[in-house]
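Beneath this line is the structure, given in structure tokens, with notes to follow.
The values are calculated or read from the model by the stated rules, or taken from the named source; none is laboratory data. Being a predicted model, the structure only gives us computed values, none of them experimental. Note that each Cβ is placed from the backbone with ideal geometry, even for glycine, and that neighbours are counted across all protein chains shown.
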Amino acid sequence: MKPDFAQTQHRDYAIPAAAIDADARTVELSFSSEEPYERWYGVEILDHRAEAVDLDRLNNGAALLVDHERTDQVGVIDRAWLGDDRKGRATVRFSRSARGNEIFQDVKDGIRKLVSVGYKVVEYVLESKQNDTETYRVTRWQPFEISIVSVPADATVGVGRSDSPTEEDVAMTGKTDPTKTANPAAGVAPAAPSAPAPDEANRGTDLHLVQDTLSAERKRIVEIRAIGEQHGLNEMANAAIDRGVTLDAFRAQVLDVLQERGTLRPAETPDIGMNEREVKNYSFLRALRAAADPANAHLIAPFETECSNAARDKRGELAKEREGGLTIPVDVLNRGIDLDGGAAASAARHLMARAAQRDLVAGTTTAGGHTVATELLGSSFIELLRNALVLDRMGITMLRDLNGNIAIPSQSGAATGYWVAENGAPTESQQTFGQVTLTPKTVGAFTDYSRRLLLQSSIDVEAFVRADLASVIAQTILTAAINGSGSSNQPEGLLNISGIGSVAGGTNGLAPTYDHMVDLETAIANANADVGSMAYLTNTKVRGKLRKTQEFASTNGKAVWTSGRERGIGDVLGYDAYTTNAVPSDLDKGTSTGVCSAIIMGVWSEFILGMWGGLDVMLDPYTGATAGTKRVVALQDLDFNVRHPAAFASMQDALTA
């Protein structure tokens, strides 16, 4: 049985009263035996043959201490020997100092009955192994002090091997199991070297080195076991511990297993290594034409096809289901194209028109059209996408270019403080931790282009197509980010995430008021989650209603929603307020069916949007064949989550009619 690192070990041993000579101020005691004792590395047995135990230091006036504290000497060891019962025995004499009198009186009164020995292991051998338990016999060791202690680790036979390792507590630095040989190439840790007993001058240094080695070994065992349990690889972990496999080597082995299972894809850059000239030469339009004719793609767009193949190789499993399409590499999505003023303005107008058609906030200036600035059209596709998302302006955390599943540690609970009486001990408590996970889910959106448009090769048409695809994808992402169901292949949107705060209007919904907006803010503050920049988000119907609603009724005073610091951004309670018609206005509450709107308040940096790899595009030439239009289907892998749900609160029954 392996030691339980989390528990404190106790063994009781009482110094018999008959062993105390009050006049001579001496006590005869047993300080060691061959009783097996379980340590974190296995079971330890101290050999008590004459050739195994070096008593020289004890017999040369070694100190009698309290709790192994060198500065707290209360006596001296007069004599130490090995008994016929294979135990280490000693006669200790207490000093007449105030401290010596105090401790000796406690010993005579039976208050202090327990002893502990500080000793140095010089050599040991692996004696046996049964199941997971290894038993080591210490074949050479040297005791150097005896202490009167309050909490020994082993006192059943008078050996109080200290419960907490001290500077000179047990150290294993000798012979090792000959089967455990070093093999760095296989990830096997080298065995500890054999070392003679140190002399007085370097003893402390050697002890620190040994204890560092033991600490590293303990960490190796604990972490390997934890990794094994986490991934259901306990047998593999135990085998690695037995073979002395290093922690890094074991991690690599586990990674290989998880990759073989298909449960994990290691994080790596999805870039394919395109240089600046290659990015500039890449054309969305040629790529789309190639997607329309896969059989001749290598002739229509040889460079874009080659880039697509490289991007798909990087993405592995994520791209297998889309063999009929073409992947635009991350290298291209992350870099801009050179535009003149006219081309930029044309593309900007199209982006805003497309956004308006799909209820994005970029549609008109009153709905946030200022979020799409002309000068941004020379930026990358990703930047176009970000600027079509009102969430980006609200400060969400956007992780792009991901490759592999993501798990972000988060603290889900804190330790507990306790009030205690004098000399009392608080109850143990621990923090609890969780994980915020992101796994790729595929969003698909489509848009139609005329055949002639796709045949164009001008830079303004190139920008037009990029902006249009960004707008199409952004609308779908935005809708799901706010109200995704979490089922039928959708990510779970913010309104459906368990744990966010809730403010209810009424049984059948209610018109939003100043009180409701205050309650949303308070729900977050009461959860101690108001630790970042907060803002409101709702749709244009709620905005209109709140512009007509006074903070305090019948005062002809300030409206709940007023103009903010920037055009298109409102002000509610001093917080920025944003609008997008992606926030639903067709929710149900009681008898109010399909007419309720949502209002969200939150610390938006806690919202995470992750995007994987490149953009997959497929071209459908059949749906609009009679009109000569081509339907382009764009696919992107992404996911949403929040670090702390309590950082958000929603009202989902706001009536606006």
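A few points about this structure:
- Residue ranges of strands (runs of 3 or more DSSP E) in the stretch 546-657 with at least 3 members in contact with a Phe, Trp or Tyr (Cβ under 8 Å, 6 or more places away or on another chain) and among the charged types (D, E, K, R): 629-642
- In the set (1) buried (at least 23 other Cβ atoms within 10 Å of the Cβ); (2) at pLDDT 80 or above, A463 fails one condition alone, (2).
- Residues located in the stretch 64-79, provided they are at pLDDT 90 or above and within 16 Å of S116 (Cα to Cα): L64, L65, Q73, V74, G75, V76, I77
- Every test in (1) touching a Gly at 6+ places or on another chain (Cβ under 7 Å); (2) closer than 19 Å to S585 by Cα is passed by T549 save one, and that test is (1).
- The set of residues in the stretch 472-504 that are under 22 Å from the mean Cα position of the chain (by Cα) and either in a strand (DSSP E or B) or free of Cβ contacts under 8 Å to residues at least 24 places away in the same chain (or both) contains only E492.
- Of all residues in the stretch 96-112, those being touching a residue at least 40 places away in the same chain (Cβ under 8 Å) and not in a helix (DSSP H, G or I) number 2.
- Top-ranked residue of the stretch 514-536 - restricted to ones that are charged (D, E, K, R) and surrounded by fewer than 20 Cβ atoms within 10 Å (Cβ to Cβ), ranked as nearest to A649 (Cα to Cα): D519
- Pairs with Cβ under 7 Å, 6+ apart, first in the stretch 591-618 and in contact (Cβ under 8 Å) with a residue 24 or more places away in the chain and closer than 21 Å to N581 by Cα, second surrounded by fewer than 24 Cβ atoms within 10 Å (Cβ to Cβ) and basic (K, R): C596/K589; S597/K541; I608/R643
- Members of the stretch 552-565 found to be without any contact (Cβ under 8 Å) to a residue 40 or more places away in the chain and closer than 20 Å to I524 by Cβ, listed by number: W561, G564
- Beta carbons closer than 6 Å, at least 6 apart along the sequence or on distinct chains, pair a first residue in the stretch 566-585 that is crowded, with 23+ Cβ neighbours inside 10 Å and of a type in the set (F, W, Y) with a second that is modelled with pLDDT under 90 and assigned to a loop (DSSP other than H, G, I, E, B) for Y578/M394.
- Any pair with Cβ under 8 angstrom, 6 or more apart, that starts in the stretch 389-409 at a residue that is modelled with pLDDT under 60 and ends at one that is of a type in the set (F, W, Y) and not in a loop (DSSP other than H, G, I, E, B): P409/F433
- Scanning the stretch 590-609 for residues being among the β-branched types (V, I, T) and touching a helix residue (DSSP H, G or I) at 6+ places or on another chain (Cβ under 8 Å) gives a total of 3.
- Any hit, the stretch 537-544, residues being in contact (Cβ under 8 Å) with a residue 40 or more places away in the chain, among the small types (G, A, S) and crowded, with 17+ Cβ neighbours inside 10 Å: no
- Among residues of the stretch 55-71 being surrounded by fewer than 17 Cβ atoms within 10 Å (Cβ to Cβ) and of a type outside the set (S, T, N, Q), the one that is farthest from V149 (Cα to Cα) is D56.
- Members of the stretch 623-657 that are under 22 Å from Q490 (Cα atoms) and among the acidic types (D, E): D637, D639
- G590 meets the conditions (1) touching a Pro at 6+ places or on another chain (Cβ under 8 Å); (2) surrounded by fewer than 23 Cβ atoms within 10 Å (Cβ to Cβ); (3) more than 30 Å from A290 (Cα to Cα) in every case but one. The failed one is (1).
For (1) at pLDDT 70 or above; (2) in a loop (DSSP other than H, G, I, E, B); (3) of a type in the set (A, V, I, L, M), each residue gets a yes or a no:
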| position | (1), (2), (3) |
| --- | --- |
| D199 | no, yes, no |
| E217 | yes, no, no |
| R220 | yes, no, no |
| I224 | yes, no, yes |
| G228 | yes, no, no |
| E235 | yes, no, no |
| A267 | no, yes, yes |
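- Identity of the residue in the stretch 46-71, more than 53 Å from the chain's Cα centre (by Cα) and free of Cβ contacts under 8 Å to residues at least 24 places away in the same chain, that ends up nearest to A22 (Cα to Cα): G61
- Residue match in the stretch 122-134 (condition: acidic (D, E), without any contact (Cβ under 8 Å) to a residue 40 or more places away in the chain and not in a strand (DSSP E or B)): no
- Criterion violated by D576 - all others in (1) of a type in the set (D, E); (2) modelled with pLDDT of 90 or more; (3) farther than 20 Å from S597 by Cβ satisfied: (3)
- For the stretch 476-496, the set of residues classified as at pLDDT 90 or above and surrounded by fewer than 19 Cβ atoms within 10 Å (Cβ to Cβ) consists of N496 only.
- Only one of the listed residues (V92, V138, V122, V74) is within 51 Å of the chain's Cα centre (by Cα), more than 30 Å from D242 (Cβ to Cβ), crowded, with 19+ Cβ neighbours inside 10 Å and among the aliphatic types (A, V, I, L, M). That residue is V74.
- From L573, L587, L546, residue being touching a helix residue (DSSP H, G or I) at 6+ places or on another chain (Cβ under 7 Å) and over 18 Å from D392 (Cβ atoms): L573
- Test for T549: is it touching a Ser or Thr at 6+ places or on another chain (Cβ under 8 Å) and farther than 21 Å from L494 by Cβ: yes
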